[in-house]
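Step one of this worksheet: look at the structure below.
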Protein chains: 2
Amino acid sequence: MAENTSILQMTEVAALYDKQFKKDNFNLEPKSLYDPINVTMANSGKRIRPILLLMATDLFGGSVYDGLNAAFAVEVFHNFTLVHDDIMDEAHLRRGKPTVYKEHGINKAILVGDAMHLHAHRYLLKVPANCFSDVLNVFNKAAIEIIEGQQMDMDFEERLDVTVNEYLKMIEFKTSVLLAAALQMGAIIGGASNSEHEKIYQFGLNLGLSFQIKDDYLDAFGEGDKVGKRIGGDILRNKKTFLLITALNDADEAQRARLLTLFDEKDEDKKVNGVLELYAELKIKEKSEAKIEELYQKSLESLQSIRVKEEYKEPLKVMAKAVHERDY
Amino acid sequence: MAENTSILQMTEVAALYDKQFKKDNFNLEPKSLYDPINVTMANSGKRIRPILLLMATDLFGGSVYDGLNAAFAVEVFHNFTLVHDDIMDEAHLRRGKPTVYKEHGINKAILVGDAMHLHAHRYLLKVPANCFSDVLNVFNKAAIEIIEGQQMDMDFEERLDVTVNEYLKMIEFKTSVLLAAALQMGAIIGGASNSEHEKIYQFGLNLGLSFQIKDDYLDAFGEGDKVGKRIGGDILRNKKTFLLITALNDADEAQRARLLTLFDEKDEDKKVNGVLELYAELKIKEKSEAKIEELYQKSLESLQSIRVKEEYKEPLKVMAKAVHERDY
C-alpha cells in the first residue's frame with residue numbers, strides 16, 4: 001500500500017472515468033450488434049459501481065488508472081444485466097429511453113446482452129497481472145449471485161410467504177453484491193490487504209441493502225415530482241418489496257385479507273390508497289426507516305474499521321451520505 | 001513440453017471427461033435456476049469441444065487432468081449458447097428433449113443461459129496459473145466471435161445478396177472458432193509453443209468449417225433415416241446455408257426467379273423438390289462436396305505441420321476422419 005498524497009473527490013473520479021470510457025467505445029462489427037451497445041452505454045446512468053471501484057483503488061493508495069479496466073467491466077456487466085432484465089420485465093423505458101428489448105425485440109436484446117457480458121470479461125482480462133486472479137474471483141462470485149438473486153426475485157412473485165430475511169438475501173444478491181464487489185475489486189487493485197478489502201466489501205454490501213430498501217420506500221413514501229415516476233408503481237404491480245413483505249408478515253388476519261383483496265383491485269387510486277392505509281396501520285414507514293438507518297450505520301461501521309487515514313475516507317462518506325439521504 | 005509415453009484414444013478421453021464432469025454438477029441454490037442447468041448438461045450431446053481440448057493437451061504431453069476445468073468451461077459455454085439460440089429459433093426440441101425455452105419459457109431460459117455463461121467463467125478461473133491468462137484470452141476472443149457470428153446469421157436472414165465468403169466468415173465465427181479455441185486452449189495447457197498452438201487452432205477452424213458445410217449438405221443430400229430428421233428442413237425455412245447461398249450466387253436470372261418463387265411456396269413437397277431440382281441444375285451437390293473436401297484437406301495440412309511425433313496425432317486424425325465421413 002503506497003502512501004496517498006491526496007485523495008480524489010467523487011466528481012473527479014467520475015470525470016476521469018467518463019473521459020476514459022469514451023475513448024474506448026464499441027466501434028466494432030457487426031454494427032447491428034454493436035450500435036445498440038453504444039446507445040446503451042451512452043445512456044449509462046449514475047455509474048455508481050465503477051466510480052466506487054475507482055474510489056476504493058484511490059483510498060488504498062493505488063493509481064485509479066490501474067482500476068479503469070475493472071471499472072469498465074463492472075459497468076458494462078451491470079448494463080448487460082439491465083438489458084436482459086428489461087426483457088424479463090417487458091420494460092419499454094430505461095432512463096427515459098427505449099430499452100433494447102422495446103426497440104429491437106427479444107432476440108436482439110438477448111444477443112446484445114450476451115455480447116456485453118463477454119466484453120465485460122474482455123475488460124477484466126486487462127486487469128493488472130499482480131491482482132488479476134483475485135479480482136476475477138471476486139467478480140465471478142458476485143456475478144453468479146446477481147443471476148441467482150434475479151431468479152429468487154422471480155420465484156418470490158409466485159409466493160405470499162416470503163420472509164424478511166429471504167427478501168434481504170434476494171436484494172443482497174440482486175443489488176448489493178455488485179456494489180460491494182466493485183469496491184473490493186478496486187481495493188485489491190489499490191493494494192489493500194485481505195482483511196481491509198473484506199471490510200470495504202461489507203461497507204458496500206450494507207450500503208447497497210440500505211439503498212435498495214430506500215428505493216422501495218420512495219416508491220410509497222417519496223414525493224412523485226422528485227422520484228421522477230408515479231408513486232405507488234410497486235403497489236400497482238403487487239411487487240414484493242421490503243414494505244409489502246413486512247406488511248404481509250406483520251398483518252393480523254383481517255389486515256392480511258384486506259391486503260390480498262387489494263392485490264386484485266382494478267381501480268388504481270383505490271388500490272394505492274388502500275395499501276398505503278394498511279402500511280400506515282402497520283407502521284411500515286417507520287419500520288422501513290429504521291431498517292434503512294440500521295443498514296446505513298452498519299455500512300459506516302465497516303468503513304470506520306478500515307485502517308487508512310480517516311481523512312481519506314471522506315469522499316466515500318460523502319457518497320454514502322448522499323445515497324442515504326436522497327429523496328429521489 | 002514433456003515426453004509422451006502414450007497417447008489417449010478419443011474414447012478414453014471421453015470416458016475420463018464424463019467421469020470427472022459428473023462429479024462436479026450444479027448442486028446449487030436456487031433449484032429453480034440450477035435444475036434446468038443440470039437437465040441441460042445431462043443431455044449434453046457429443047461433447048466434441050471438451051474432448052478435442054483434452055486430446056490437444058494430451059498431444060503436447062500435458063496431463064489431461066490439467067485441462068479438465070477448461071474443458072468444462074468450453075462445454076458449459078457451448079450449451080449456454082444453445083439455450084439462448086433455442087429462444088431465438090423458438091426451438092422446441094434439442095437432442096430429442098424439450099428445450100429450456102419450451103419447458104420453462106423465455107425468461108427462465110435467458111437466466112439459465114446467463115448463469116451457465118458465468119459458471120463457464122468460474123471453471124476458467126481454475127485453469128492452472130502458469131497458462132491462465134493465455135487460455136482466458138483465447139477463450140474470450142472466440143466467445144465474442146460466436147455472438148458476432150450469431151448476429152451475422154440473423155442479419156443474413158434479411159438479405160438475398162450474401163456472398164459465399166460472408167457465409168464462410170459467419171460459420172467460422174458461429175461454429176468453428178469454439179472448436180478451434182478448444183484445441184488451442186488444450187494445447188496451451190499441454191505446454192505447446194505459440195507457433196504450435198496456432199497450428200492446432202487452424203486445424204480446428206478448417207475442420208469446423210468443413211463440419212458445418214457437411215451439416216448443410218446432409219440436410220439436402222443425406223439419408224433421412226440416418227440424419228435423424230426430415231430432409232429439407234433448411235429448405236423449408238429458406239435457411240441461408242452454403243447450398244442456398246451458392247445457388248443464389250451461381251443462378252442465372254431465370255433460375256434465380258424460380259428460386260425466389262419457391263421461397264413462398266406453401267406446398268412442402270413441391271418446395272423441397274423444386275429447390276433440389278435447381279440444386280441439381282447448378283451442381284450444388286458437387287460444389288459442396290468439393291468445398292468440404294478442400295477444407296478437410298486444409299485441416300489435415302495444419303495437423304501435419306505440428307511438430308510432435310506423427311503417431312501421437314493418430315487419435316485426432318481418426319476423429320477428423322469420423323467427422324468428415326459421417327452421414328448423419
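Is one or more of the residues making up the stretch A:56-76 in contact with a helix residue (DSSP H, G or I) (Cβ under 6 Å, 6 or more places away or on another chain) and within 9 Å of another protein chain (Cβ to nearest Cβ)?
no
I need the full set of residues from the stretch B:142-163 which are more than 16 Å from A:G113 (Cβ to Cβ) and either within 16 Å of the chain's Cα centre (by Cα) or within 7 Å of chain A (Cβ to nearest Cβ) (or both), in order please.
B:A142, B:E145, B:G149, B:M152, B:D153, B:D155
Return the residues of the stretch A:88-104 that are acidic (D, E) and either in contact (Cβ under 8 Å) with a residue 12 or more places away in the chain or part of a helix (DSSP H, G or I) (or both); say none if nothing qualifies.
A:E103
Among the residues of the stretch B:119-135 satisfying the criterion of being within 9 Å of chain A (Cβ to nearest Cβ), open to solvent by 10 Å² or more (accessible area, probe 1.4 Å) and not aromatic (F, W, Y), which is farthest from B:N79 (Cα to Cα)?
B:A129
Listed here are the residues, each with its yes/no results for (1) buried (at least 24 other Cβ atoms within 10 Å of the Cβ); (2) more than 26 Å from B:E148 (Cβ to Cβ).
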{"position": "A:Y34", "(1), (2)": "no, no"}
{"position": "A:S44", "(1), (2)": "no, no"}
{"position": "A:T57", "(1), (2)": "yes, yes"}
{"position": "A:S63", "(1), (2)": "no, yes"}
{"position": "A:R95", "(1), (2)": "no, yes"}
{"position": "A:H104", "(1), (2)": "no, no"}
{"position": "A:L111", "(1), (2)": "yes, no"}
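Quick one: which of A:G204, A:G190, A:G232, A:G186 is modelled with pLDDT under 95 and open to solvent by less than 30 Å² (accessible area, probe 1.4 Å)?
Step by step, each of A:G204, A:G190, A:G232, A:G186 is checked, and only A:G232 is modelled with pLDDT under 95 and open to solvent by less than 30 Å² (accessible area, probe 1.4 Å).
Is there a residue in the stretch A:169-183 that is open to solvent by less than 10 Å² (accessible area, probe 1.4 Å) and facing another protein chain (nearest Cβ under 9 Å)?
There is no residue in the stretch A:169-183 that is open to solvent by less than 10 Å² (accessible area, probe 1.4 Å) and facing another protein chain (nearest Cβ under 9 Å).
Quick one: in the stretch A:306-328, of everything that is touching an Asp or Glu at 6+ places or on another chain (Cβ under 9 Å) and open to solvent by less than 80 Å² (accessible area, probe 1.4 Å), which residue is nearest to A:G208 (Cα to Cα)?
Across the stretch A:306-328, the extreme among qualifying residues is A:H324.
On the given criteria, is B:T11 open to solvent by 70 Å² or more (accessible area, probe 1.4 Å), of a type in the set (S, T, N, Q) and either under 28 Å from B:G233 (Cβ atoms) or in a helix (DSSP H, G or I) (or both)?
Criteria met by B:T11.
Enumerate the pairs (first residue in the stretch B:30-50 and within 11 Å of chain A (Cβ to nearest Cβ); second residue anywhere and open to solvent by 10 Å² or more (accessible area, probe 1.4 Å) and not in a helix (DSSP H, G or I)) with beta-carbon separation below 6 Å, excluding pairs fewer than 6 apart on the same chain, so at least 6 apart or on different chains.
Hits for this filter: B:Y34/B:L28.
Tally up the residues in the stretch B:14-29 that are acidic (D, E), open to solvent by less than 60 Å² (accessible area, probe 1.4 Å) and within 14 Å of chain A (Cβ to nearest Cβ), please.
0
Can you name every residue in the stretch A:42-87 that is modelled with pLDDT under 95 and in a helix (DSSP H, G or I)?
Matches in the stretch A:42-87: A:A42, A:I48.
The values are calculated or read from the model by the stated rules, or taken from the named source; none is laboratory data. Bear in mind the structure is a predicted one, so any value in this text is a computation, not a measurement. No Cβ is skipped: glycine too gets one built from the backbone with ideal geometry, and neighbour counts run over all protein chains shown. Heads up: the accessible areas ignore ligands, DNA and RNA and are worked out on the full protein's heavy atoms, side chains in. Shrake-Rupley method; radii C 1.70, N 1.55, O 1.52, S 1.80 Å.
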